[in-house]
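S.K.: Here it is, the structure in full.
The values are calculated or read from the model by the stated rules, or taken from the named source; none is laboratory data. Computed from a predicted model, the values in this text were never measured in an experiment. As a convention, Cβ positions derive from the backbone with ideal geometry for all residues, glycine included, and neighbour counts pool all protein chains shown. Heavy atoms of the whole protein, side chains included, go into the accessibility calculation; ligands, DNA and RNA do not. Shrake-Rupley method; radii C 1.70, N 1.55, O 1.52, S 1.80 Å.
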Amino acid sequence: MYKKIIGAMFSFAISSTVFAYNPPAGGQNSLKITSPNLLTNANSSAGGAIFGATPASVVINPSLTAFNQRIAFDAAGTLLFDADDDKHPFGGAFETGLLIPSKWLVSTFLVQGIFAPMTDMQLGDSFNFTAGVSKDVTDTLSVGTSCNLGLFYGYGNDWMANFSLGAYYNFGNVGFLKDVRFGAVISNLGKMYSNTEVLGIKGSDADVWPALATFRTGTAAMLLATNSVKMGVSLDLAFPTFQNVVADAGFMFQVKDFLKVSTAWEFDYLEYKNDCKNILPSVGIGFKFLFHSNDNSYLTKKGWQQSEMTVSTAYRRMYENVNAYSAGVVLDLGLQDKDAPEVSLWGEK
């Protein structure tokens, strides 16, 4: 059975190379402009330079959410602005997501909207719904899958329906590197947009996008990990339809689990070759707050009297003159249990 599944996936990946690769600028990663976390964690399949998983992580690697112990809510928005586009200077994107852990698996639901009519980054208008499930196989290994449904309009009308498969592994410490992690995912297995009128990177109407059967793999590790300061790096490589190479590198700096500064840099070979890509890095900053609810509140009745809220913002120069300004909030209900259970035998204390 497994051999048949692997063989079918391999055949699908090979057949996808017959399609011309001409997505719009930003079309390969259109779902990753909706929040500051996605703009600045380097599209890391290994969970980012310093590991973190939110509901939005499902669009990168559906296995990343498997170790989440708390219900999480995510809401964010992005403003797109092109001062040199007199006809369509403004665009935007938003997302809202929910992550629900259970005894058997972690479920994630994400709604995203993208509205980008700018000439330098013409993604049209779309609404997208992603649902994913993930499972921790061991303390260091997780797997996951997700399904995505998209409805496109504004520059023609189209729809897409596809799924992704992902895996994550925490190798541990290697020499001076701490928390060495690996991730791999194959995404866009299904129907993609193929009947749109947006402008592709080669100057003609875009073909099938995002690219079918995109394989991504990456690694991440911390260079420094103390009680006060953490620093980490990540590196990913993606191969859209095996006709292009995309590299994502990221760096994060964290102080006291309160302040996090991050930057990411992406190099898309064919976008750069066709003079569509701006390769300046993104930059983001986030603050984590612990808050308490009163004794009679709904949160207290649910056992969430102490919870965490992370507020973040990010900036990225996207394509030519397109600037992205993003802000968002992630709410983790309850406190994460970091202590191993104590076991008493025969009445010992």
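S.K.: Under a Cβ-Cβ cut-off of 15 Å, what is the net charge of the residues other than Phe127 that fall near it, where Lys and Arg count +1 and Asp and Glu count -1?
M.R.: That sum, taken over residues with Cβ under 15 Å, equals -3.
S.K.: Taking all protein chains as present, what is the carbon and sulfur share of the accessible area of region 111-160, in % to the nearest whole number, probe 1.4 Å?
M.R.: The nonpolar share, carbon plus sulfur, comes to 69 percent.
S.K.: Continuing with this model, one more query. Taking amide H positions as placed 1.01 Å from N in the peptide plane, with prolines and chain starts having none, which residues 5 or more places from Met318, or on another chain, fall under 5 Å of its amide H?
M.R.: Asn323, Ala324
S.K.: How much area per residue is accessible in region 100-246 when the probe is 1.4 Å and only protein heavy atoms are counted (Å²)?
M.R.: 44
S.K.: Something else now. With the contact rule set at Cα under 8 Å and sequence spacing of 6 or more, what percent relative contact order holds for the chain?
M.R.: Averaging sequence separation for qualifying contacts and normalising by length gives 19 percent for the chain.
S.K.: Label points 7 Å out from Cα along the Cβ direction at Ala247 and Leu290: separation in nm?
M.R.: 4.1
S.K.: Aspartates and glutamates within cross-link reach of Lys103: Cα-Cα under 14 Å, excluding same-chain residues under 8 positions apart?
M.R.: Asp136
S.K.: Net charge around Ser228, counting only other residues with Cβ within less than 15 Å of its Cβ (Lys, Arg = +1; Asp, Glu = -1)?
M.R.: +4
S.K.: What is the angle, in °, between the Cα long axis of helix 2-15 and the longest principal axis of the Cα atoms in the chain? Nearest 10 is fine, range 0 to 90.
M.R.: Tilt relative to the chain: about 30 degrees.
S.K.: Calculate for the chain the 222 nm mean residue ellipticity that helices alone would give, adding -39,500 (n - 2.57) per DSSP H run of length 4 or more and normalising by residue count, nearest 500 deg cm²/dmol.
M.R.: Helix-only estimate at 222 nm: -2000 deg cm²/dmol.
S.K.: Which order do you get for Trp104, Trp159, Trp209 if you rank them by accessible area with a 1.4 Å probe, largest at the top?
M.R.: My answer, sorted largest first, is Trp104, Trp159, Trp209.
S.K.: For region 105-122, just list the computed ³J(HN,Hα) in residue order, Karplus coefficients 6.51, -1.76 and 1.60, θ = phi - 60°, integers in Hz, with x standing in for Gly and Pro.
M.R.: Once θ is set to phi - 60°, the couplings for region 105-122 become 7, 10, 9, 9, 10, 9, 10, 9, x, 10, 9, 9, x, 4, 5, 6, 8, 8 Hz.
S.K.: Calculate the length of the line joining the C-alpha centroid of region 33-67 to that of region 151-226, in whole Å.
M.R.: When both Cα centres are located, 11 Å separates them.
S.K.: State the label only: which of (i) 16.2; (ii) 20.9; (iii) 18.2 corresponds to mean projected area of the Cα convex hull in nm² computed from the shown model?
M.R.: Calculated mean projected area of the Cα convex hull in nm²: the matching label is (ii).
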